[in-house]
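Inspection log for the structure reproduced underneath, given as structure tokens.
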Amino acid sequence: MSQENVEVVRKSFEAHGAGGIEAALEFYASDLVWDAGPEWVEDRVYRGHDGARRLNAVFIESFDDYRLTVHEIRAVGEQLLALYEATGRIKGSGLPIRQPIGIVLSDIHDGVIGRVRSFFSWKEAVEAVGLAE
């Protein structure tokens, strides 16, 4: 996996931070497949840009001051591993949240991401790409 693809992922996070999901969509393929993971309580798989919008809406509707902070993006064979934290406050209660999330990205071509798998721990994401933490 090339450094160019690492930059695509980094730019997608930067775009999301600056302009939300609409700004980040340029880095996702129109036929994107996003697997939210077995622990996810909503739909498991989100497809295309509309799917990315629906997945993002779950977070926006549930949390105030929702932010993603990237800790690491690295190539692992034909995949990329991104480890980040989601932070915010639960709407209605103001309680803070801090959730480590790992994603495995693949099918990156022509500057867009084709497939994403989410994990609610960095350890699970690291193991998913065959690495030991």
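List the GluC sites (Glu not before Pro) in region 52-114 that DSSP assigns to loop (not H, G, I, E or B) and whose Cβ has at most 16 other Cβ atoms within 10 Å. Which are they? Intermediate values should be presented prior to the final figure.
Numbers: sites: Glu61, Glu72, Glu78, Glu85; in loops: Glu78.
Sites meeting the loop and neighbour criteria: Glu78.
Counting heavy atoms of the protein chains only and a 1.4 Å probe, report the per residue accessible area for the chain as a whole number of Å². Display every interim value, and only then the final one.
Details: 7130 Å² over 133 residues.
Per residue, the chain has an accessible area of 54 Å².
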Unit charges at the beta carbon, dipole of the chain: most positive-side option, Pro96, Ala125, Val8: Pro96
Give me, ordered by chain and number, the residues 5 or more places off Val33 or on other chains with an amide H under 5 Å from its own placed amide H. Gly48, Arg115, Val116
Amide H contacts of Val76 (H built 1.01 Å from N, under 5 Å, at least 5 apart or other chain): Leu81
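Using 0.36 nm per residue of separation minus the Cα-Cα distance, give me the extension gain between Glu4 and Trp40 in nm, one decimal.
On the way: separation 36, 0.36 × 36 = 12.96 nm, distance 3.04 nm.
Length difference between fully extended and current span is 9.9 nm.
What does the charge count near Asn5 come to, summing +1 for each Lys or Arg and -1 for each Asp or Glu among other residues with Cβ under 14 Å from its Cβ? Before the final figure, lay out each step's value.
Numbers: positive: Arg10, Lys11, Arg74, Arg115; negative: Glu4, Glu7, Glu78, Asp107, Asp110.
Neighbour charge sum, excluding Asn5 itself: -1.
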Shape call for the chain, from the Cα gyration tensor axes a ≥ b ≥ c (a/c under 1.5 means rounded, otherwise prolate when a/b beats b/c, else oblate), comes out prolate
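If we sort 116-128, 12-24, 39-51 on the protection proxy, mean other Cβ atoms within 10 Å, highest first, what's the order? Don't skip to the answer; put the middle values down first.
Values: 116-128: 18.6, 12-24: 15.7, 39-51: 14.0.
Highest mean packing first, the order is 116-128, 12-24, 39-51.
Give the shape of region 86-133 as rounded, prolate or oblate, defined through the alpha-carbon gyration tensor: a ≥ b ≥ c are the square roots of its eigenvalues, a/c under 1.5 means rounded, and otherwise the shape is prolate if a/b is larger than b/c and oblate if not. Present the calculation step by step, with values, prior to reporting the outcome.
Details: a/c = 4.38, a/b = 1.64, b/c = 2.66.
Oblate is the answer for region 86-133, as a/c is 1.5 or above yet b/c matches or exceeds a/b.
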What distance in nm separates the simple spin-label points at Phe59 and Arg47, each placed 7 Å from Cα in the Cβ direction? 2.3 nm
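The values are calculated or read from the model by the stated rules, or taken from the named source; none is laboratory data. Please read all numbers here as calculations on a predicted model, not as lab measurements. Note: ideal-geometry Cβ built from the backbone for every residue, glycine included; neighbour counts use all protein chains shown. The protein model used for the area step is the full one, side chains on, heavy atoms only, and it has no ligands, DNA or RNA in it. Shrake-Rupley method; radii C 1.70, N 1.55, O 1.52, S 1.80 Å.
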